[in-house]
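> Got a structure for you, written out below as structure tokens; questions coming shortly.
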Amino acid sequence: MSRTRVFLSILYFILFISTLSIFRIEGYYHNSGVMLSFLIILLLSFTLMYFGDPYPFSLNKMFMLFSIFFFGISPYVQYKYGVSLWGGTGFTSDDYIKQNGIIIIIILTYYFLYILNSKIDFTRRKLKKENYKTYTKKTLEYSSLFLLIVAVCASIIIVDFNNYEWKNLFMRTNLAESEDVSKPLTLIITKFIYPIPIICLIFFKLYIDKNKFIEILLITLVLLTNFPTANARFYIAATYLPLLIVYFKTLRTSYMKLNHIVLAGFLIVFPFLHQFRRISNINEIKFRLDFEMFTQGHFDTYQMFMRVTKYNIITMGDQLWTTLLFFVPRSMWDQKSVASGAFVSDYLGLNYNNISMNYFGEGYINFGFLGILTFIIFLAIINARLDKHFWSNHYRNWSLVKVFYLFLLGLQFFILRGSLLSAFAYTIGIFSSICFIYLLLNLFGKRVS
């Protein structure tokens, strides 16, 4: 066994044992069956995250990391303290055991299909040096300038959308959320225009990286239009993870380092950024760890999934059509449904409706257990195929997919947490932005692959 494998095995053991400390919570409730089922979920998730594929980072690893937090740690803490998010009828120990049985089957079925669709060679992989076509200095300068112009145009639109208020650009004032998101113009700006400066910087860093002055200008535009404290945390994860990967080689070569960063982000960075949802003055910021966050609404996705299975809420595809046709205004579609979390909230009379719905809960609310299986198959195929292509020699000819893959690493958390209506809209928006920039670069004859 190599030193790397020994080190990873030791690290896995330490982190797993540390995570088991949640089972020492006193709380108000205890049931051996509940505790055992959560232990199985955590054991499976940790094992398949560390040893389930040979890649330094992958969509598969992101799924397992999601499972650790949203299917393991947070729901167990909620169970121990008897937390029932958003009101409504509480949950029994039997409810948790049944739900955990479903989740265990989901994890095992997903991984079986993931292996089946990837046929993994478990030799440790490193991102190989790209051998892209060599361009003239003039071509590279032209492409750099072109990316800068596109980023500047997008930045002007974003600043204007925020009414030229600097506070809106650096603090999360929910300006975009206060707009009617069904308006086509609002959808275009928030889902399509906002990511463009970051995408321009990533294309520049991946394929050009020759002009430091233009790079500094692009970074400035990114911070101006997509400052971390001014946007939703899922969006920051989706857009800043690609930047970390392209700027820090160690993330592309060191096994599991990216997952460790994301893990630290959940425990430290995200609770800090959450404060910007509520404060109006910078003096209100507190620098402290928030260990109670697992009982708060950000981690409601498990309970919302449990609600749709417990109460057998099935719409026979209505929610899926609403998701796929998110861009159709309600003024043109009277029967258009709301997001699945809001739908369940209204159905059960909960006290809040701007809430999430787990990806597999989306499957159930559409077609029951057959819907869950369908969603598992789709996720496993996408993750397996994209992971394999990104880390194989084929990815060199997939520059468009390569860039989208980097964004999808963070977007997967948003997609899995839900609701799917918002996640799908943002995913399509970012993918459209990538295609737009890629096609323009090729249209002007400055091919990037």
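> The conditions are (1) within 30 Å of K119 (Cβ to Cβ); (2) modelled with pLDDT of 90 or more; (3) not polar (S, T, N, Q), and R5 fails exactly one of them. Which is it?
Condition (2) is where R5 drops out.
> Next up: Checking the structure you have, find out if any residue of the range 371-386 is within 23 Å of S432 (Cα to Cα), surrounded by fewer than 22 Cβ atoms within 10 Å (Cβ to Cβ), under 17 Å from the mean Cα position of the chain (by Cα) and among the aromatic types (F, W, Y).
Yes: one or more hits.
> Which count do you get for residues in the range 348-370 that are assigned to a helix (DSSP H, G or I), out of contact with any Lys or Arg (no Cβ under 9 Å at 6 or more places or on another chain) and surrounded by 15 or more Cβ atoms within 10 Å (Cβ to Cβ)?
8
> Here is a further query. Please specify each residue of the range 293-317 satisfying the condition of being open to solvent by less than 10 Å² (accessible area, probe 1.4 Å), at negative phi and not in a helix (DSSP H, G or I).
Answer for the range 293-317, where residues must be open to solvent by less than 10 Å² (accessible area, probe 1.4 Å), at negative phi and not in a helix (DSSP H, G or I): D300, I313.
> State all residues of the range 399-419 that are more than 13 Å from F203 (Cβ to Cβ) and modelled with pLDDT of 90 or more; if no residue qualifies, say none. Can you show your working first?
Within the range 399-419, the first condition is being more than 13 Å from F203 (Cβ to Cβ), and the residues that meet it are 401, 405, 408-419.
Y405, L408, L409, L411, Q412, I415, L416, R417 - these are the residues of the range 399-419 that are more than 13 Å from F203 (Cβ to Cβ) and modelled with pLDDT of 90 or more.
> Return the pairs, sorted by first residue and then second, in which the second residue is modelled with pLDDT under 90 and of a type in the set (A, V, I, L, M), the first residue lies in the range 318-344 and is open to solvent by 100 Å² or more (accessible area, probe 1.4 Å), the beta carbons are less than 7 Å apart, and the residues are 6+ apart or on different chains.
F327/L187
The values are calculated or read from the model by the stated rules, or taken from the named source; none is laboratory data. These numbers were taken from a predicted model, which means no experiment stands behind them. Every residue, glycine among them, receives a Cβ derived from its backbone with ideal geometry; neighbour counts consider all protein chains shown. The protein model used for the area step is the full one, side chains on, heavy atoms only, and it has no ligands, DNA or RNA in it. Shrake-Rupley method; radii C 1.70, N 1.55, O 1.52, S 1.80 Å.
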